[in-house]
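Student: My questions will all concern the structure given below.
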Amino acid sequence: MEDECVVAVYETLDKSRKAVHILDRAEFPSSQVSLLAAGQFEQPEMTPGLDIGDDSLHTAAVGAGLGGGFALVAGIGYLVVTGAEIFLVGPLTAAGAVTGALLGSLSGWGVHEEHLGHYQQLVKQGKALVVAHGNPLQLIQAERILAETGVSELHVHATTGDDAPDIVRS
Amino acid sequence: MVSENGRDRFKDAIGILADEKGRIKERLLVAYASQLSRINPVEDLPDDLASDFAEIRFGISDAEVPYGYGEHASEKIEGMTEEEATAHAKKIYTMFLKIFALAPLHTN
């Protein structure tokens, strides 16, 4: 069965982190949760020279809120957390590749291209996205949970077939 | 009879109220959103507990209540005082005791 996804949009990173924590307390698999945000973050420790997917980030990632743990690093353009993997992107010029990879995953989970553009715009505007993917039963739970967490937008995306349009419920 | 889902959700909600970090409002949000929002009163609760649960649910999240304020838990809890949030937590605790047929402790 194809995975589908729920995309929740938050005005602030803090709200999105709390939502991810709530999904974790609901025992929603953390490997099926991603957080995407952009902007300048503050953190006393700054680890220079980090590359995309640098394994050292896993040991350096300390912080509260996410099942997999993540670090907020000063001066970073985009923060992308997918399950247990953490991508910290330094230059904003490099951010596009990482966010493109995640947004490519969204496409596989039933998100149509026009919605991808909308989500990209939201991230550029400083919003944070929480994406939960899984089977339909899991998503019913995720939608119900996330609806209570202060979302500004909440969308369920489902693919019913190769040529079928996305089913979007907002 | 309370379903297994109903029992598990209340058990876990009480656990969260007890061990979650933060003030009562934050704990209430996590307990409600992660657990109690997933209870279906028709499937999970007997008739004699359904009204108790409705009082809990619609006191914390009335977005789907006719003539309610249309607020989900995050907004509604944010607007509560600490005392109001504590009162809701006590209702959850009371219902937990009923579900598990436990005698209530004397509380202030």
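Student: Take the conditions more than 21 Å from residue A:22 (Cβ to Cβ) and either away from chain A (no Cβ under 13 Å) or of a type outside the set (Val, Ile, Thr) (or both) and apply them to residue B:20. Does it pass?
Tutor: no
Student: Please find, within the stretch A:128-157, the residue that is surrounded by the fewest Cβ atoms within 10 Å (Cβ to Cβ) out of those that are hydrophobic (A, V, I, L, M, F, W, C) and away from every other protein chain (no Cβ under 14 Å).
Tutor: Filtering the stretch A:128-157 for residues that are hydrophobic (A, V, I, L, M, F, W, C) and away from every other protein chain (no Cβ under 14 Å), the one surrounded by the fewest Cβ atoms within 10 Å (Cβ to Cβ) comes out as A:156.
Student: Which of the residues that make up the stretch B:46-63 are among the hydrophobic types (A, V, I, L, M, F, W, C) and without any contact (Cβ under 8 Å) to a residue 40 or more places away in the chain?
Tutor: B:50, B:54, B:56, B:58, B:60, B:63
Student: Let me ask you something else. Find all pairs meeting these conditions: Cβ atoms under 8 angstrom apart; at least six residues apart or on different chains; first residue within the stretch A:7-24 and within 11 Å of chain B (Cβ to nearest Cβ) and closer than 20 Å to residue B:28 by Cβ; second residue basic (Lys, Arg) and buried (at least 21 other Cβ atoms within 10 Å of the Cβ).
Tutor: Qualifying pairs under 8 Å: A:10/A:127.
Student: Would you be able to tell me the number of residues in the stretch B:17-51 that are over 20 Å from residue B:78 (Cα atoms) and in contact with a Lys or Arg (Cβ under 7 Å, 6 or more places away or on another chain)?
Tutor: Total satisfying the criteria: 3.
Student: With surrounded by 12 or more Cβ atoms within 10 Å (Cβ to Cβ) and among the acidic types (Asp, Glu) as the only criterion, which of B:43, B:84 stands out?
Tutor: Exactly one residue qualifies, and that residue is B:84.
Here's the yes/no breakdown for (1) within 13 Å of another protein chain (Cβ to nearest Cβ); (2) of a type in the set (Ser, Thr, Tyr); (3) over 12 Å from the mean Cα position of the chain (by Cα):
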position: B:16; (1), (2), (3): yes, no, no
position: B:27; (1), (2), (3): yes, no, no
position: B:30; (1), (2), (3): yes, no, no
position: B:36; (1), (2), (3): yes, no, no
position: B:42; (1), (2), (3): no, no, yes
position: B:81; (1), (2), (3): no, yes, yes
position: B:98; (1), (2), (3): no, no, yes
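Only the coordinates and a few stated rules stand behind these numbers; no lab work does. Note that this is a predicted model, so its numbers are computed, not measured. Every residue, glycine as well, gets a Cβ built from its backbone with ideal geometry; the counts of neighbours run over all protein chains shown.
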